[in-house]
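The values are calculated or read from the model by the stated rules, or taken from the named source; none is laboratory data. Keep in mind that this is a model prediction, so the values were computed, not measured. Every residue, glycine among them, receives a Cβ derived from its backbone with ideal geometry; neighbour counts consider all protein chains shown.
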Amino acid sequence: MASIGQIVQQTPGNEVLARARQRAALVPDCMVEARRIANTVIAGWHGRRKRGIGENFWQFRPYTDGESLSRIDWRRSARDDHMYVRDREWEAAHTVWLWADMSPSMMYKSTLCSVSKESRALVIMLALAEVLARSGERIGCPGVMEPISARNAAERLAVAIMHAPPTEGLPDTGMIRGASDIVLIGDFLDDADRIMERISPLARRGLRGHVVEIADPAEESFPYSGRTEFTDPETGEKLVSGRAETIREDYQQAYLARRTSLGQSLRQMGWTFAFHRTDHLASEALVALHGYLSGNPPQIAGGGRS
Amino acid sequence: MSAFAFAYPAILSALIVLPAIWWLLRLTPPRPKEEVFPPLAILATVLKRQETPAKSPWWLTLLRMLMATAIILAIADPVINPRTSTLSKAGPLALIVDNSWATPADWDRRTETARLLIEDAERADVPVSIVFTSEATHDAVPTSAAVAREKLAAARPRPLVPDRARAGEAMQQAFQGNRPGTLALLSDGIATGSDANMFKALSALSPADTRIITGNGAGAVALTAASNGADGMTVTGARLSTSGASNLQVNAVDQQGRVLATAPLSFAAGAGTATAEIKAPFEIRNDFARLTIEGQGNAGAVHLLDDGFKRRRVALLAGDTGNDMQPLLLPLYYIQRALQPYADLIEPRGADLSKTIPDILAANPSAIIMADIGRLPPESSRPLQDWIARGGVLIRFAGPRLAAAPADDPLVPVVLRRGERSFGGALSWSEPQKLSEFPKTGPFAGMPPATDVLVNRQVLAEPTPDLPDRTWASLSDGTPLVTTSEVKNGRIVLVHVTADTSWSNLPLSGTFVDMLRRLVQLSHAGGAQSADKAGEGGVSLAPYRLLTADGLLDANTSTAKPISIRNGETAIASNDHPPGLYGSEDGFAAVNLLPSGATLTPIDVSAAGFAVKQEAMAGAEAKSLRPALFIAALSLLLLDSLIVLFLHGAFSRTPRGARAVVTVLLALAALTYAVGPRPAEASDAKPGDEQLLERLDVTHLAYVITGEADVDKISEQGLEGLSQFLTFRTALEPGDPVGVDISKDELSLYPIIYWPISATAPMPSAAAIARIDAYMRNGGTVLFDTRDQFSAVDSGMPSPNGQRLQELLANIDIPPLEPVPQDHVLTRSFFLLSSFPGRYAGSPLWVESRQESQRQTGRMSSSGDGVTPIMITGNDFAGAWAIDPAGSPILPTVPPDETQREYAYRAGVNIMMYMLTGNYKSDQVHVPALLERLGQ
């Protein structure tokens, strides 16, 4: 019997990009909800529904002493006896850091689905980049690309990833400054405590995070039986089970327990957590992320169909 | 015996693939599916013990290689002692077949070997000359294979020592100078005196190829002599193979075939002869009819005893009838007391010797004892002398009357001086005399010296030159105490003292009893022979019972001629006089196969003087190693499975688990013991009366516990099935089937015992078979089922089960048998049946033949109201009857036909009804006549 899981090649960037654009086309623009906006000078395209630097009219307000006279809107002030200042809506761009795990374990694909985890992660990441870029957010990728605000940010991100050296685990996040959002997409198969060890410093620095766990259905349902030798694609470690079907339930419990504890830890930090199975549509994860980012969390978290 | 070959040598080329198998086996034990699995860390927490797949250890590989080798070798079928079928085509095949006494055990294989040789000859298109060494006449002219085969089929083992020289000479004459091609001697392995002559005759033939084919005659054992001692019977046995010690058992059997006494016959390692001492009281020894070696069904292992060992009829005569009120003074009192345990005593009424002596002689006693009788009148003396001449023994005691009798009495062995001599009287210088030691010759040889006997008076013999030879006992001063003389076939013995205590205290001593016993022993048990037989050259005796080759006595005496045995000689069996009993029912002489002191030695092939090939017989000697190899491979497979289980930690999880396994196994074993049919030893504990009563309350069907679990299980289920059928269909409601251990359990409780024959089951002991015999005599019936209807059809040889049945029945007196005839009660005792199928349908049901003449002769075994004591079938009744607890049949019928099963049940019902109602149903045919007689 052919083996259920296999390690596939890294997906070519243009193909991922094309698929990501298809997905992104289905999703409306996303304005990242920024509770604490970084006071950057870089202008964004979408109003923040509060006064600030921008191009569009926001409100008239009475002039207060000390303000620059040049800000007085004379046309409005001429209508009555008061002096008015014309406020514009703040149109600052928010920085969203996107990161997808590209470790060997992500190259895994089972016969129960059509794409590898890595492929799905890239699609989600690029589609998100496309949506965010459309909304004028600044998109960066830690260790790969500095945040940019451009229409073709997704394309540039794809190129950057193609040329970036393969990384292991969470990237160096030293370049991330200020209040921004970070979206981590990976399989997070390590021990929950170890993952939290690496993520919690980010949270302490004020980053708002969104974690998407990509899982292969085979990892979740454990459809193996008989004498089976399991190999870890990262460490090369091997493990033989005499009768794999006997440990299925135990494994599933352990697997789900890890996911639950990870999700709980993240939510305690104020981060969001979603999981996604590769046999589901990438849009599901995208919509979920969209919701988290725009502050309207979906009713049902994660990519589960139910 | 070292020949070794493969039946299919081509298969051995498969050994080439062993390296490939080795390479395959070096890989891991069943190679696991390989799976990439990213969440291995999680899996590792679940899968506690991490298994590192390694190559299988070298010894496991070696084990599996051995297994593969064993299988390949097994398929190639190695055979030890393969039969060589190379037959010289230079001339006719000459076959000399021993059909001697030692051959019944392997007769089937012997004929099979000969048949194969004849077949080879037929294929090679050469004529066959076949002779049998124990036959009286030899026709050695080469004939076609078909005729030879007929001769072979007609030949039977004979209870004789082979005469190989005659066979060899017949062969030499028949060939008339032509050379035979292959000469094969199918010997029984025992040397005879005529071997050298045979080899001389055969070497004159100068055959192109000579073979001696020996069966497993190495186990031949024979009884060569038996002698009756003071307190036991000494039996001498001889054996052929002297390697190793062997312990056999000698049974003493009476005329009805009952075992009376047994004794171990132990051959020491290297010894060719051994003796056994059968200790039994004299009365019982009188009933010994023959001695047999347990488990040896041939004529050599039987030693026939004639009436030399039997109880004698002794007549007592006294000159003075005396006074019954003072028995201690009666002259015959001490003789009566001494002889009563050992002999039948005849005491005439009345004192008139002229009347009493004819009366006595009419009773034909073995011996007559006369106490103190003087000269007899001539009219009495003459018949007495005739009687002595015909073989009677007259024992006389001295006394005052004899001392006073004239000296020329013909009934006194020696010439006596007139008057008696007395010692130790008041006017005598001499002391009362003691007895000297008994002489080495004569009947008293070996008796302990009688130190306590004192003789006060005696009659004296005139000294004659032959007096010392005629003296059997004497006093310490040399005067004879017991003298004797032979008269033709008879003998006169004179004891020179009185039979009462007036002359000596001899009658009070134990020596007196021994002396009398030995004297009486001298006589013929059958009494004196009739006058016409008492010729000078001994008597001529017609054959009465002959020994068959199987060691049984047979009334068919057509092959034997009357034998004349000189007095005191032991006849030797020959072709004209095969071993057996000669004479009549009243008195017979035993002719035994082997002379006393014979030994068995292996045939000396080196004496042949020409090249001889030695071979083993066809059949079991050509031993295939295939089963052993397959078993080895299977054991290795089991071992391998255990090792793999062990390697994978099946036994090392927890010691508690192992303990649980052991516990479960023990519990299973206990359960098996509790559920399985148990030998009734547990239930037969004393007192077993409750159980007997329980068994008596309800009729039970019974089966013999063969010792093979599967056979016993089927028996039990079969009888259970029949019981249910009976309950359902008939008024008979039997209880649960009962397994009986024929060596222990009470058999008389059961009307019928079902006995499935299994060749692989342990052979029941002779005592157990004797119990079955007694059960059959007392009206019980045994249904033997060989269950081999199909295996019996193919080959001419009886099936193993059939052979086992023959062995079982060899020692049972079974009546003549016939298949159930059309009008037998069995066919209508409940259902109307025309056949009696079981699982198989082909075998007839054999029952006792209903010849009216047989009934009238009072056969021992047909005491049960005409109900046959034995039934034999090969149809496997129990297999057809067997049902499981749910009531559905267990085994399929052959052919699969439920109607046949129904008929099998009906056959069972008919058999049970026949058992319980006897020939009641056969009386039904008279119902109209009975009704008519009753006036209705």
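Here are the numbers for this structure:
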| quantity | calculated |
| --- | --- |
| Strands (runs of 3 or more DSSP E) wholly inside region A:50-169 that include at least 1 residues being over 24 Å from A:A215 (Cα atoms), out of contact with any Pro (no Cβ under 9 Å at 6 or more places or on another chain) and aromatic (F, W, Y) | A:57-62 |
| Near pairs, Cβ below 6 angstrom, 6+ apart or cross-chain, from region A:51-80 (more than 30 Å from A:G136 (Cβ to Cβ)) to any residue that is surrounded by 10 or more Cβ atoms within 10 Å (Cβ to Cβ) | A:P62/A:H82; A:Y63/A:I72; A:Y63/A:M83; A:Y63/A:V85; A:S77/A:M83; A:S77/A:Y84 |
| Helices (runs of 4 or more DSSP H) (entirely within region A:173-283) containing at least 3 residues that are touching a residue at least 60 places away in the same chain (Cβ under 8 Å) and away from every other protein chain (no Cβ under 14 Å) | A:192-204 |
| Residue match in region A:164-171 (condition: within 15 Å of A:D101 (Cα to Cα), touching a Lys or Arg at 6+ places or on another chain (Cβ under 6 Å) and more than 14 Å from every other protein chain (Cβ to nearest Cβ)) | yes |
| Total residues in region B:730-750, condition part of a loop (DSSP other than H, G, I, E, B) and either crowded, with 20+ Cβ neighbours inside 10 Å or on the phi > 0 side of the Ramachandran plot (or both) | 6 |
| Any hit, region B:712-719, residues being part of a loop (DSSP other than H, G, I, E, B) and not acidic (D, E) | no |
| The listed residue being exposed (fewer than 14 other Cβ atoms within 10 Å of the Cβ) and modelled with pLDDT of 85 or more, out of A:R267, A:R248, A:R305, A:R243 | A:R267 |
| Selection from region B:216-265 of residues that are of a type in the set (D, E, K, R) and in contact with a strand residue (DSSP E or B) (Cβ under 6 Å, 6 or more places away or on another chain) | B:R239, B:D254 |
| Residue count, region B:252-302 (criterion: out of contact with any helix residue (DSSP H, G or I) (no Cβ under 7 Å at 6 or more places or on another chain), assigned to a strand (DSSP E or B) and of a type outside the set (K, R)) | 16 |
| Check on B:L25, at pLDDT below 80, part of a helix (DSSP H, G or I) and over 50 Å from the mean Cα position of the chain (by Cα) | yes |
| Which listed residue is surrounded by 14 or more Cβ atoms within 10 Å (Cβ to Cβ), of a type outside the set (A, V, I, L, M, F, W, C), modelled with pLDDT under 80 and in contact with an Asp or Glu (Cβ under 9 Å, 6 or more places away or on another chain), from B:R349, B:R311 | B:R311 |
| Evaluation of B:G399 against (1) crowded, with 21+ Cβ neighbours inside 10 Å; (2) out of contact with any Pro (no Cβ under 8 Å at 6 or more places or on another chain) (one fails), failing number | (2) |
| Residue that is surrounded by the most Cβ atoms within 10 Å (Cβ to Cβ) [pool: residues in region A:194-214 that are among the charged types (D, E, K, R) and in contact with a strand residue (DSSP E or B) (Cβ under 8 Å, 6 or more places away or on another chain)] | A:E213 |
| Number of positions in region B:808-850 that are surrounded by fewer than 16 Cβ atoms within 10 Å (Cβ to Cβ) and in a helix (DSSP H, G or I) | 0 |
| Residue satisfying all of: in region B:422-438; of a type outside the set (S, T, N, Q) and farther than 20 Å from B:F397 by Cα; modelled with the highest pLDDT among these | B:E437 |
